[in-house]
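The values are calculated or read from the model by the stated rules, or taken from the named source; none is laboratory data. Here the structure is a predicted model, which means the values were calculated and not measured. Reconstructed Cβ throughout: ideal geometry from the backbone, glycine too, with neighbour counts over all protein chains shown. Ligands, DNA and RNA are stripped out before the accessible areas are found, and what is left, the full protein with its side chains, is counted by its heavy atoms. Shrake-Rupley method; radii C 1.70, N 1.55, O 1.52, S 1.80 Å.
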Amino acid sequence: MNTSLQDWLKFGWLKEHKTSRQEIGELFAVADRDLAASNTPGLHNDWRFNIAYNAALQLASAALAAAGYQAERSNHHYRVIESLGLTVGVDATTIKKFDIFRKKRNISDYERAGGISDLEADEMRQLAERLRLEVDIWIRRNYPQFAR
């Protein structure tokens with residue numbers, strides 16, 4: 001089924017949101033801080049992963065906000081991640097990987113320590129770095145009034 005952000009609004013998965021250049025800038029600032037922090041030498045893989053995950057989530061939230069929406073609280077992270085296909089046009093494989101990482105993050109945050117490998121932490125950071133570039137370009141092209 002081909003859906004749109006307007007469909008998601010009708011389904012109750014999103015709410016309309018009026019953003020600003022300042023809000024988008026602040027979301028990018030959090031993402032940039034977290035990208036830098038996720039590369040801290042000696043930091044446990046669980047933390048590296050979680051910090052990079054947060055960076056990626058903030059970038060996805062920035063894209064959704066630029067498009068005029070916020071995810072509702074129910075399934076918030078899932079919706080923000082899935083929205084990347086409807087905003088920036090992120091491919092399904094990347095979205096699926098990001099969602100797998102969302103589930104791993106939940107386990108490492110709430111159930112079990114030490115479950116994140118060095119490779120997974122690196123992959124999450126790489127995904128966040130790529131999103132940083134893609135979301136920035138997308139906002140500049142489609143919503144220049146919010147570009148930093």
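Details
- Within the set LYS103, LYS97, the sole residue that is open to solvent by 50 Å² or more (accessible area, probe 1.4 Å), touching a residue at least 12 places away in the same chain (Cβ under 8 Å), in a helix (DSSP H, G or I) and within 30 Å of GLN6 (Cβ to Cβ) turns out to be LYS97.
- Conditions (1) in contact with a strand residue (DSSP E or B) (Cβ under 7 Å, 6 or more places away or on another chain); (2) under 17 Å from ASN142 (Cα atoms): number failed by GLY89: (1)
- Counting only helices (runs of 4 or more DSSP H) that sit completely within the stretch 1-71, those holding 2 or more residues that are on the phi < 0 side of the Ramachandran plot and of a type in the set (Phe, Trp, Tyr) correspond to 5-11, 45-66.
- The selection criterion, being in contact with a strand residue (DSSP E or B) (Cβ under 9 Å, 6 or more places away or on another chain) and closer than 20 Å to ASP34 by Cα, does not hold for VAL135.
- Qualifying residue in the stretch 38-49 (condition: farther than 24 Å from GLY12 by Cα, within 11 Å of the chain's Cα centre (by Cα) and not hydroxyl-bearing (Ser, Thr, Tyr)): no
- For ARG125, the conditions (1) surrounded by 15 or more Cβ atoms within 10 Å (Cβ to Cβ); (2) more than 29 Å from THR3 (Cβ to Cβ); (3) free of Cβ contacts under 8 Å to residues at least 40 places away in the same chain all hold with the exception of (3).
For every residue, the table says whether it meets (1) open to solvent by 30 Å² or more (accessible area, probe 1.4 Å); (2) of a type in the set (Ser, Thr, Tyr); (3) out of contact with any strand residue (DSSP E or B) (no Cβ under 6 Å at 6 or more places or on another chain); (4) more than 18 Å from ARG102 (Cα to Cα).
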site: ARG21; (1), (2), (3), (4): yes, no, yes, yes
site: ALA36; (1), (2), (3), (4): yes, no, yes, yes
site: THR40; (1), (2), (3), (4): yes, yes, yes, yes
site: LEU43; (1), (2), (3), (4): yes, no, yes, yes
site: LEU64; (1), (2), (3), (4): no, no, yes, no
site: ALA67; (1), (2), (3), (4): no, no, yes, yes
